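Structure first, commentary second.
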Amino acid sequence: MAAKSEAASEPHFDAMLASHGIRALSRRPPTTLQVNVGKLCNQACHHCHVDAGPRRTERMTRATAERVIEVLAASRRVSALDITGGAPELNPNFAMLVERARSLGRKVIVRCNLTVTLEPGMEWLVEFYRRSTVELVCSLPCYTAENTDRQRGAGVFEKSIAALRQLNAAGFGRGELRLDLVYNPIGASIPPAQAELEAEYRDELSRNFGIVFDRLLTITNMPIARFANQLRAAGNHSAYMSLLVNHFNPATVDALMCRGLVSVGWNGRLYDCDFNQMLEIPLGGSAASTIWDVDDVCELAGARIATGSHCFGCTAGAGSSCGGAIA
């Protein structure tokens, strides 16, 4: 009953757009195909919008992964395959997806939690990343052990530093291969200014651990799944939603990631973004529902994007996307 009353009291995102004279969101020709290969993860982070963890069994099959590559090959305007999870490296089709996408000449982005590289049997990962020239986007919610472990679990910071040292040694973050880090707030707040926080990260990680990286991306915690449950348990859900709504920034709308991205779920279903995928909100404005219903995802250009109150998370303050701040 609480969830129903919350939904009824939350402002409608499309109404907010209209109040600023902005049309409902529609998709441009997609340039990124983002694929969630499953919810299995070696961590169970408090903020995780995927609800991922070591006991999750959802994973993309070989047939679905091969269909993703078929569609990627036919979607010539798509320049990047963005692979996420869970820990995407734990899916048995991960290496195939990377290798096939690279053979097509597409950029491959891997969203890595860092500690997966230290798991037993995953010793091959760092060299595979290097050989495949992937771009890594790695989660590190803080440059201190206390805050990182508070969000991600005891000992995660120490392991993350060890993984970052391995990646630096392999050429990542040193001007050869791209290594971006991701910050998200520990609690119910909006990220600080990305450039200023990046300078802090750069100084602290270099001075204390000798670690270098390319960019810091600040991402807002989305009020869905595990984080939403935490907010409700603490009685903070309404306050957090009010914070996001009150900081709505119309300057973020044009660069929202859903404008140029199509999201593919572990089971092949299509969504407007990874957050809609976790909420199981179907692809907006199109009869296509799975990866088998399209040959070229650019067919989806012009379609209306499905929205909800969680979209305020991407438009608050400087905005938030898979690429960090957007305004």
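Structure summary
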{"quantity": "Quarter of Cα convex hull surface for the range 84-141, i.e. mean projection, nm²", "calculated": "3.9 nm²"}
{"quantity": "Size of electric dipole in the range 148-268: Cβ of Lys, Arg +1 and of Asp, Glu -1, about Cα centre, debye, nearest 20", "calculated": "360 debye"}
{"quantity": "Gaussian network model of the chain, Cα within-10 Å springs - most flexible of T148, T218, T57", "calculated": "T57"}
{"quantity": "Amide proton proximity set for C138, modelled H, under 5 Å, gap of 5+", "calculated": "C112, D180, L181, V182"}
{"quantity": "For the range 145-241: rounded, prolate or oblate by the Cα gyration tensor [a/c cutoff 1.5]", "calculated": "prolate"}
{"quantity": "The range 56-116: C-alpha gyration tensor shape, a/c 1.5 cut-off, then a/b vs b/c", "calculated": "oblate"}
{"quantity": "Charged-residue dipole, Cβ positions (Lys, Arg, Asp, Glu), the range 1-159 about Cα centre, Debye nearest 20", "calculated": "640 debye"}
{"quantity": "Dipole-positive endmost among L279, L243, Q34 within the chain (Cβ charges, Cα centre)", "calculated": "Q34"}
{"quantity": "Accessible area per residue, Å², the chain with all protein chains present, probe 1.4 Å", "calculated": "42 Å²"}
{"quantity": "The range 184-279 - percent of accessible surface contributed by carbon and sulfur, probe 1.4 Å", "calculated": "49 percent"}
{"quantity": "Estimated inter-spin distance, A44 and T133, nm [label 7 Å along Cα→Cβ]", "calculated": "4.1 nm"}
{"quantity": "Helix-only [θ]222 nm of the chain, DSSP H runs n ≥ 4, -39500 (n - 2.57) each, per residue, nearest 500", "calculated": "-10000 deg cm²/dmol"}
{"quantity": "Cα-centre dipole for the range 71-207 with unit charges at Cβ (Lys and Arg positive, Asp and Glu negative), debye to 20", "calculated": "660 debye"}
{"quantity": "For the range 197-327, with +1 on Lys and Arg beta carbons and -1 on Asp and Glu, the positive-most of W266, N221, A288 along the dipole", "calculated": "N221"}
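The values are calculated or read from the model by the stated rules, or taken from the named source; none is laboratory data. Here the structure is a predicted model, which means the values were calculated and not measured. All Cβ positions, glycine included, derive from the backbone under ideal geometry; neighbour counts span all protein chains shown. Side chains included, ligands, DNA and RNA excluded: accessible areas come from the protein's heavy atoms. Shrake-Rupley method; radii C 1.70, N 1.55, O 1.52, S 1.80 Å.
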